[in-house]
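Take a look at the structure below.
The values are calculated or read from the model by the stated rules, or taken from the named source; none is laboratory data. Please read these numbers as outputs of a predicted model, since none were measured by experiment. Reconstructed Cβ throughout: ideal geometry from the backbone, glycine too, with neighbour counts over all protein chains shown. To get the accessible areas, we keep the full protein, side chains included, count just its heavy atoms, and leave off ligands, DNA and RNA. Shrake-Rupley method; radii C 1.70, N 1.55, O 1.52, S 1.80 Å.
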Amino acid sequence: MRKALIIITITVAVLYSCTHDRVVPYKTSSGPIAKGDTVCFQSDVLPLFQTYCASTGCHDGKNNGEDQNLNLTTYNNIMQGIVPFNTDPSKYYTVIQKGSMPPGNSPKLTAAQTATIAKWINQGALNTSCATATCDTTKTTYSNGVSQIFSTYCNGCHGIAPGSGNVVLSDYVSAKSAGTSLKSSFLAGINYTSALPAMNMPPSGPLSSCQVKQITKWINNGCPQ
């Protein structure tokens, strides 16, 4: 009986020693990542770094801004200052979150844009992209569609008066003025057909065909609010 009890005890001990820790799904600071709620680096995050941090004369890798030739125009370079799953040691996020970058009176990222970067980091800071959705050509007013494009791709240079080239796109009155008085050059710029390549906008690369259609329709319709 004693021998049988010893065998049972050993067997139970072996079984417990062979079990694995329970796998617990990773949770971000804002809760579990919802299905279909992944931040797309290529369309949601990269344009923010390119627009607000790597505009001409800043961190565009051309040795003409602060920190010499720091380049924040590509995923690999941006990841030099990002720690996946953790915003606290991610230096490129913390300087944005604290408002010290972009510097001085340069246009700042909005709270929503900063939250998007934080969410991307908390999801693992992956080089994700999204399938192109059907173009919604109904989003062709300033408040519904156009201002969001300007905020993501343009306001790093055109967010605060006087704005690059004396163009401000961060408020409706100023954007309408640019869309009407500079109609031809505005349309050429977003279509990347300007006579001078430097006039093509945004400098980081062309907008999507859908975004070009939305802005074009907005301008041709008289720049409705």
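Other residues lying with their Cβ under 12 Å from the Cβ of Gln214 contribute a combined charge of +2, Lys and Arg counting +1, Asp and Glu -1. Summing Lys and Arg as +1 and Asp and Glu as -1 over all other residues whose Cβ lies under 15 Å from the Cβ of Cys135 gives a net charge of +2. List the residues, sorted by chain then number, that are 5 or more residues from Thr141 or on another chain and whose placed amide H is less than 5 Å from its amide H. Under 5 Å from the amide H of Thr141 lie the amide H atoms of Val146, each far enough along the sequence or on another chain. At the residue level, Asp171 shows approximately 60 square angstrom of accessible surface with a 1.4 angstrom probe and all protein chains present.
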